[in-house]
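**Student:** This is the structure I have questions about; it appears just below.
The values are calculated or read from the model by the stated rules, or taken from the named source; none is laboratory data. Remember, predicted model here, so these are calculated numbers, not experimental data. Reconstructed Cβ throughout: ideal geometry from the backbone, glycine too, with neighbour counts over all protein chains shown.
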Amino acid sequence: MEHMFRTMVVAAALALSTGLAAAQATVRWLHIEANPAQVKIWEEVARDFEAKNPGVKVEMQYLENEAYKAKAPTLLQSRDRPHIIYSWAGGVLKAQVEAGVLEDITVQVAGFKDTLSPSAVAAFTIGGKIYGLPHTVSQVGFMANKELLAKAGVDAAKVLNWDDLLDAVRKLKASGITPIAVGGADKWPVHFYWTGLAGRIGGKAAFDAALKGDGGGFEGEVFQKSGELFKQLVDLQPFQNGFLGFKSQQAIGHFGDGKAAMILAISSFYHTQKVFAADKVGISDDKLAWINIPVVAGGKGEATDTLGGVNGWLITKGAPKEAVDFVKHFISPDVQKRLAGGNYLIPTVKGAETGLGSPFMRNIAQNIAASKYHQNFWDQDLGPSVGRVVNDATAELAGGTMTPRQVAKAIQDAFKQGN
Amino acid sequence: MNALRLRTGDSGKLTTLVLFLPPALVLFSLFVILPVGEAAWYSGFNWNGFGKPTNWIGLDNYRFVFANKAFATAFRNNLLIIAVSLLVQLPLALALAIILTDRFRGAVALRLVFFLPYILAEIATGLIFSFVYDGDYGLLAAIYRLFGAEAPHLLASSSTAFPAILLVVVWKYFGFHMMLFIAALQGMDRSMVEAAKIDGASRWQLLRYVVIPTLYPTIRLSVFFAIVGSLQLFDLVMPLTRGGPADSSHTMVSFLYNFGVTRMRVGFGSAVGVILFVICITFAFGYKRWIMRDE
């Protein structure tokens, strides 16, 4: 009898709470994911969340990567702004926090955040307050086509330092193979070279010093040298014909089509090289190799240091509390394991990386786990204005219209100009 | 004269003014004057577009704009578009108009074909030409391959990207100017032409001394449209090159968008906007005052 009574109370309470919930609003979720297979899973996750939370609707909105970056400031100040937005953390996030367009969710995620990788959460913490939650991390390195490398007699496992890479490029050129594909029109794929090298030459210390303006800032020795080393590569003409006109997606497709032996990639290209390949199959796992950004002789950076992204979701000002609930659901162990199982991402939930299906992605996860210094993408970290100058200048270096010295100076000038 | 009559009490005219002027005036102030004023105000701040501008830096943004290499290129590119519009596009449009006003079989169809590019949306045009110019899969590549040559990637080189855009500009807008000329030619008094013919004028003399002089008002209008349109060119550049490579193909407006809007430097962008506005307004008033004063 007592049991039945209790059940009734619970049922009544449930009915009441769902009744309240039913009166609620829509969560607008803006993402930039271009891979239909992954978006399909995300949609299922959203429908699943709706089923568990009657009355809540999750509305997915899509913008292309570059378009999103361009529209974000206007979008965030509109009254119809999305509640959940994509973020690379870093300087752009700081600008958004300062502008007061984001919601402080520290209290709402108090216990939840402990289930996630602390360094990833730290990227979304500004001044002790949490504004978003990370769902994935990534690493920058060379993705290589073993078959093409073999034709030129190059072994991916033996490309360890910068000279090895230059050597590999020479051999590939001699065999008539395009060594590297790059999306020069989007510019950011090019800045990975210069920033990756700077990380190898100067390590964390050099970046921190430059931010403080020490040692000539970004005009200092380390950054001049990274430009010079990159120029060594550029002088070999390693990129596909017309690379300055290629957008990133086209370049990834070029690699996926087997038209270039390597691409300096974000680990998530593992999937997109299939999506943007003409045959939608791309380079199969057994032919795909990963080469960490080559180390530089005498460099101060640790070989285990990684350059890469920390990506997550920000909650915008005035968003309903269900938005946070949804993000928590999206970054729950179940969903993360599912996405890891499909090799779509390197998860941030502790332990979910065991779900990674492919050795390729497991290798990336291990690299990041072993890294003591995971540097966020510079163009994001330095903020929208300086970051873009890094992209501009390094793309000009690749195009041969700027010298290493000019590149370093342009970046330092932009940094001094601020904003 | 009008003002005089108003004062002497032409109440009909006054009523018309009171009734019809305010809506236009309000809309114009709200959507033209006010934004221009705001842009001028913002251009004095170092501001990322969030919240309210607070960091006043005076004329620094203008200094930054003029010191910017890419802005100089963009300005030069705008001048190039104007030059090509005037020296290539208008003569081409005029020549075609003169040919196509004669009624012969297919003239109407040809007019339609030449006018079609103008109807096409700019973004669509840009995308179509980005495929045409593609050095791997494009139409251009196919033509090169026909002759056994390797196609260049026109949009990927800083020396060819902007000329490639210029070609699209001419292709897209000559039809519009052609139509203006055809309309003017059709409204022309045929008896003058007949008279000249009777007097024994050659075809060249007829064109040089009768047809083209009667077209002067239309040519002046066409030049005006071409220059103002050139200054505002943006939506063809974005899908074709986005101003690249190495900022070689920006126009002032795409420069504004790229360096002001996407980089969250609203103050800087506003300064570019103000500069562009001053150039446009000076040109528009100057042109009206000195060139179109008869109309």
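**Student:** Applying the selection to the stretch A:232-257, what residues are away from chain B (no Cβ under 14 Å) and surrounded by fewer than 19 Cβ atoms within 10 Å (Cβ to Cβ)?
**Tutor:** If the condition is that a residue be away from chain B (no Cβ under 14 Å) and surrounded by fewer than 19 Cβ atoms within 10 Å (Cβ to Cβ), then A:232, A:235, A:236 are the ones that fit.
**Student:** What number of residues in the stretch A:346-370 are among the hydroxyl-bearing types (Ser, Thr, Tyr), surrounded by fewer than 23 Cβ atoms within 10 Å (Cβ to Cβ) and at pLDDT 90 or above? Break it down into steps so the answer makes sense when it comes.
**Tutor:** Our first condition is that a residue be among the hydroxyl-bearing types (Ser, Thr, Tyr); within the stretch A:346-370, this holds for A:348, A:354, A:358.
If we keep only those that are surrounded by fewer than 23 Cβ atoms within 10 Å (Cβ to Cβ) as well, we get A:354, A:358.
After this cut, where a residue has to be at pLDDT 90 or above as well, the list is A:358.
Matching residues across the stretch A:346-370 total 1.
**Student:** Turning to a different aspect of this structure: Surrounded by fewer than 23 Cβ atoms within 10 Å (Cβ to Cβ), of a type in the set (D, E, K, R), in the same structural domain as residue A:270 (by TED's automatic domain parsing) and modelled with pLDDT of 95 or more, is that true of residue A:151?
**Tutor:** Working: surrounded by fewer than 23 Cβ atoms within 10 Å (Cβ to Cβ): yes; of a type in the set (D, E, K, R): yes; in the same structural domain as residue A:270 (by TED's automatic domain parsing): yes; modelled with pLDDT of 95 or more: yes.
Judged against the criteria, residue A:151 is a match.
**Student:** Considering only residues that are within 14 Å of another protein chain (Cβ to nearest Cβ) and assigned to a helix (DSSP H, G or I), look in the stretch A:362-386 and name the one that is nearest to residue A:264 (Cα to Cα).
**Tutor:** Of the stretch A:362-386, the ones within 14 Å of another protein chain (Cβ to nearest Cβ) are A:379-380, A:382-386.
Those still in the list that are assigned to a helix (DSSP H, G or I) too: A:379-380, A:383-386.
On the way: A:379: 16, A:380: 18, A:383: 22, A:384: 22, A:385: 23, A:386: 22 Å.
Among them, the one singled out is A:379.
**Student:** To continue, here is another question. I'm trying to understand the selection: among the residues of the stretch A:387-396, which are at the interface with another protein chain (Cβ under 9 Å from one of its Cβ atoms) and more than 21 Å from residue A:242 (Cβ to Cβ)? Before the answer, list the steps.
**Tutor:** From the stretch A:387-396, those at the interface with another protein chain (Cβ under 9 Å from one of its Cβ atoms) are A:387-389, A:392, A:395-396; that's our starting set.
Hits for the stretch A:387-396 are A:387, A:388, A:389.
**Student:** Looking at the stretch A:299-330 only, could you name the residues that are touching a helix residue (DSSP H, G or I) at 6+ places or on another chain (Cβ under 8 Å) and in a loop (DSSP other than H, G, I, E, B)?
**Tutor:** Matches in the stretch A:299-330: A:299, A:300, A:301, A:302, A:304, A:305, A:309.
**Student:** Next question. Given the residues B:138, B:175, which is the only one that is within 14 Å of chain A (Cβ to nearest Cβ), in contact with a Phe, Trp or Tyr (Cβ under 8 Å, 6 or more places away or on another chain) and in contact (Cβ under 8 Å) with a residue 12 or more places away in the chain?
**Tutor:** Values: B:175 fails: within 14 Å of chain A (Cβ to nearest Cβ).
Just one listed residue meets the conditions, B:138.
**Student:** Any residue in the stretch B:257-282 that is more than 14 Å from chain A (Cβ to nearest Cβ) and touching a residue at least 12 places away in the same chain (Cβ under 8 Å) sitting within a Cβ distance under 8 Å of a residue that is buried (at least 17 other Cβ atoms within 10 Å of the Cβ) and of a type in the set (Val, Ile, Thr)? List the pairs, counting only those 6 or more apart or interchain.
**Tutor:** As it stands, the answer is B:272/B:65; B:275/B:65; B:276/B:253, since those pairs meet every condition given.
**Student:** State whether the residues of the stretch B:125-139 include one that is crowded, with 17+ Cβ neighbours inside 10 Å, acidic (Asp, Glu) and outside any helix (DSSP H, G or I).
**Tutor:** Scanning the stretch B:125-139, I find at least one residue that is crowded, with 17+ Cβ neighbours inside 10 Å, acidic (Asp, Glu) and outside any helix (DSSP H, G or I), so the answer is yes.
**Student:** To continue, here is another question. Take the residues of the stretch B:231-256 that are more than 15 Å from residue B:76 (Cβ to Cβ) and more than 8 Å from chain A (Cβ to nearest Cβ): which is surrounded by the fewest Cβ atoms within 10 Å (Cβ to Cβ)? Full working, then the answer.
**Tutor:** Going through the stretch B:231-256, the residues more than 15 Å from residue B:76 (Cβ to Cβ) turn out to be B:232, B:234-236, B:238-242, B:244-245, B:256.
Checking the rest, the ones that are also more than 8 Å from chain A (Cβ to nearest Cβ) come to B:232, B:234-236, B:238-240, B:256.
Working: B:232: 14, B:234: 16, B:235: 16, B:236: 22, B:238: 17, B:239: 16, B:240: 25, B:256: 23.
Restricting to residues being more than 15 Å from residue B:76 (Cβ to Cβ) and more than 8 Å from chain A (Cβ to nearest Cβ), the top hit is B:232.
**Student:** Which one is modelled with the highest pLDDT, of the residues in the stretch A:397-419 that are within 9 Å of chain B (Cβ to nearest Cβ) and farther than 21 Å from residue A:185 by Cβ?
**Tutor:** A:417
**Student:** Still on this structure, please answer the following. Conditions: (1) more than 17 Å from residue A:210 (Cβ to Cβ); (2) buried (at least 24 other Cβ atoms within 10 Å of the Cβ); (3) modelled with pLDDT of 95 or more. Residue A:394 meets all but one. Number of the miss?
**Tutor:** (1)
**Student:** Further, regarding this structure: Farther than 18 Å from residue A:395 by Cβ, in contact (Cβ under 8 Å) with a residue 40 or more places away in the chain and either in contact with a His (Cβ under 9 Å, 6 or more places away or on another chain) or surrounded by fewer than 21 Cβ atoms within 10 Å (Cβ to Cβ) (or both): is that true of residue A:280 in this structure? Even if it seems obvious, please write down each step before you answer.
**Tutor:** On the way: farther than 18 Å from residue A:395 by Cβ: yes; in contact (Cβ under 8 Å) with a residue 40 or more places away in the chain: no; either in contact with a His (Cβ under 9 Å, 6 or more places away or on another chain) or surrounded by fewer than 21 Cβ atoms within 10 Å (Cβ to Cβ) (or both): yes.
Considered against the rule, which asks whether it is farther than 18 Å from residue A:395 by Cβ, in contact (Cβ under 8 Å) with a residue 40 or more places away in the chain and either in contact with a His (Cβ under 9 Å, 6 or more places away or on another chain) or surrounded by fewer than 21 Cβ atoms within 10 Å (Cβ to Cβ) (or both), residue A:280 comes out as no.
**Student:** Name the residues in the stretch A:149-197 that are among the acidic types (Asp, Glu) and either in contact with an Asp or Glu (Cβ under 9 Å, 6 or more places away or on another chain) or under 27 Å from residue B:134 (Cα atoms) (or both), would you?
**Tutor:** So in the stretch A:149-197, the residues among the acidic types (Asp, Glu) come out as A:155, A:163-164, A:167, A:186.
Selection gives A:186 alone.
**Student:** Sticking with this structure for a sec: Which ranges mark the helices (runs of 4 or more DSSP H) fully within the stretch A:1-110 that have 2 or more residues being at pLDDT below 95 and away from chain B (no Cβ under 14 Å)?
**Tutor:** Result: A:2-22, A:36-52.
**Student:** Can you pull out every residue in the stretch A:94-111 that is of a type outside the set (A, V, I, L, M, F, W, C) and under 15 Å from residue A:321 (Cβ atoms)?
**Tutor:** Keep residues of the stretch A:94-111 that are of a type outside the set (A, V, I, L, M, F, W, C), which gives A:94, A:96, A:98, A:100, A:103-104, A:106, A:108, A:111.
If the condition is that a residue be of a type outside the set (A, V, I, L, M, F, W, C) and under 15 Å from residue A:321 (Cβ atoms), then A:103, A:104, A:106, A:108 are the ones that fit.
**Student:** A further question follows. Using the structure shown, decide if residue B:71 is among the aromatic types (Phe, Trp, Tyr), assigned to a helix (DSSP H, G or I), within 14 Å of another protein chain (Cβ to nearest Cβ) and under 21 Å from the mean Cα position of the chain (by Cα). Quick ask: steps written out before the conclusion?
**Tutor:** Details: among the aromatic types (Phe, Trp, Tyr): yes; assigned to a helix (DSSP H, G or I): yes; within 14 Å of another protein chain (Cβ to nearest Cβ): yes; under 21 Å from the mean Cα position of the chain (by Cα): yes.
Judged against the criteria, residue B:71 is a match.
**Student:** Looking only at the stretch B:93-115, count how many residues are without any contact (Cβ under 8 Å) to a residue 24 or more places away in the chain and assigned to a helix (DSSP H, G or I).
**Tutor:** Filtering the stretch B:93-115 for residues without any contact (Cβ under 8 Å) to a residue 24 or more places away in the chain gives B:95, B:99, B:102-110, B:112-113.
Of the ones still in play, those that are also assigned to a helix (DSSP H, G or I) are B:95, B:99, B:107-110, B:112-113.
Qualifying residue count for the region: 8.
**Student:** When you go through B:238, B:188, B:264 one by one, which is the residue that is outside any helix (DSSP H, G or I) and touching a Gly at 6+ places or on another chain (Cβ under 8 Å)?
**Tutor:** Numbers: B:238 fails: outside any helix (DSSP H, G or I); B:188 fails: touching a Gly at 6+ places or on another chain (Cβ under 8 Å).
So the residue among B:238, B:188, B:264 that is outside any helix (DSSP H, G or I) and touching a Gly at 6+ places or on another chain (Cβ under 8 Å) is B:264.
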